[in-house]
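Everything below concerns the one structure shown next.
No value in this document is a laboratory result; all are computed from the given coordinates. As the structure is a computational prediction, the values presented were derived from the model and not from experiment. Quick reminder, even Gly has a Cβ in these numbers, built from the backbone with ideal geometry, and neighbours come from all protein chains shown.
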Amino acid sequence: MIRNKFIAFITICCACFAAASLNAGTIPAGTTLTVSTVSLISSQTVPGRSFEAKIAQDVSVKGNVVLKAGTKAFGKVTSSRANPRKSGPLTVELASIDVNGRRIPVKTSSVQPASPAQTARQAHYGHTAGTTVVNPQTRLQFQLLEAVTF
């Protein structure tokens, strides 16, 4: 009786492991990830601050979708004009992706988003002239610098 329960337990564990392996995937380095921003980012955002995005289109490897559109992703501001002493152009990178409830760290290329130059009128209403603003729903493309396995 105990032996049968042990065999059933082992069988269930193997089935769960096999099912998890089917959902696992590896995205190779060099793959382009297109995201759509969820939160507003500007060149006045402090470096290190994170922002939310969503994967904008399915990511396929060898014909299999390994990352579905709509998957949550998080990025961070790596440089901005927020600190006048170390001022630089707005630069962002992708930091992690939520896969099956787990936050998977990623290493991507940096991107310098562009936006139309702010007018004097916009500066009057709170934007500094020359401020880069990345509105929600803006698409950004990042390249993976290292393979990601999940």
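Some points to look at:
- Selected residue (criterion: surrounded by the most Cβ atoms within 10 Å (Cβ to Cβ)) from residues of region 97-115 that are free of Cβ contacts under 8 Å to residues at least 40 places away in the same chain, within 17 Å of residue 142 (Cα to Cα) and not polar (S, T, N, Q): 111
- Matching option when the condition is more than 15 Å from the chain's Cα centre (by Cα) and within 19 Å of residue 132 (Cα to Cα), among 60, 87, 110: 87
- In region 46-95, counting only strands (runs of 3 or more DSSP E) that sit wholly within it, the ones holding 3 or more residues that are crowded, with 17+ Cβ neighbours inside 10 Å span 50-55, 72-79.
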